[in-house]
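Worksheet: the structure to be examined is printed underneath.
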Amino acid sequence: MTPLAPSRSAGFTLVELVVVVGIAAILAAIALPSFNDSIVRNRLASQTNELVAGLSLARTAAIELNVGGGFCAANDTQDGCGGSFANGWIAWADANRNNVLDNGEIRATGQISAKDTVVGVTAVRFDGRGRRADPAPNAGASVTMRPSDCPTGKQFNRVLTINAVGSVTVTKGNC
């Protein structure tokens, strides 16, 4: 009879497992800040796109109906203008031509993340040709969005500028 060969155990030793876990922890520590910045950039890009879409919708509705319209920061109940962007925003078309938002004139509404701050003009009005009527065409009209806790030097500012003919441009800037 031949003696049985000693069995060899398949698997990892404790030392090998500790080394692999250590390497994974180091890689995660390097990648996590970059991942968090990516999440913030994507949230800002999404909300900026929604603001641009809301402004474009208000302008398009004003042109389509040839009556004017606007985009504004919503009030607390989100059924009128006069609030802050923390309450959301409203795009509207001035169907009865009285230059104010009335019942039935809202075309779209939207929200701003509680993690972000929006400052600048709180209302933009367009005439029937889609030109900016208020603030006056020779005055500046811009809205700045950024995280509430914007770290210095990070390119997280998004400035939406509405020119006199109603077009919107977006520029990025540092906190």
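The values are calculated or read from the model by the stated rules, or taken from the named source; none is laboratory data. Please read all numbers here as calculations on a predicted model, not as lab measurements. Note that we place each Cβ from the backbone using ideal geometry, even for glycine, and neighbour counts take in every protein chain shown. Side chains included, ligands, DNA and RNA excluded: accessible areas come from the protein's heavy atoms. Shrake-Rupley method; radii C 1.70, N 1.55, O 1.52, S 1.80 Å.
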For the Cα atoms of the chain, what angle does the longest principal axis make with the long axis of helix 14-65, in degrees from 0 to 90, nearest 10? 10
Separation of the range 16-69 and the range 107-127 by C-alpha centroid, Å? 17
Whole-number accessible area per residue in Å² for the range 29-129, which is evaluated in the context of all protein chains at 1.4 Å: 51
Taking only the alpha-carbon positions of the chain and ignoring solvent, what does the Debye formula give for the base-10 log of I(q)/I(0) at q = 0.15, 0.20 Å⁻¹? -0.83, -1.24
Using a 1.4 angstrom probe and counting only protein chains, how large is the accessible area of THR171 in Å², to 10? 70
Can you give the FRET efficiency to the nearest 0.05 for SER113 and VAL15, using r as the Cβ-Cβ distance and R₀ = 45 Å? 0.45
Once you have the Cα-Cα distance between THR152 and ILE106, take 0.36 nm times their residue separation minus that, and quote the gain in nm to one decimal. 12.8 nm
Per DSSP, the loop-located trypsin sites (Lys or Arg not before Pro) within the range 63-137 having at most 11 other beta carbons within 10 Å are ARG97
Give the dimensionless ratio obtained when the Cα radius of gyration of the range 80-175 is divided by 2.2 N^0.38 Å. 1.17
Please report the carbon-and-sulfur percent of the accessible area for the chain; probe 1.4 Å, protein heavy atoms only, DNA, RNA and ligands left out. 58
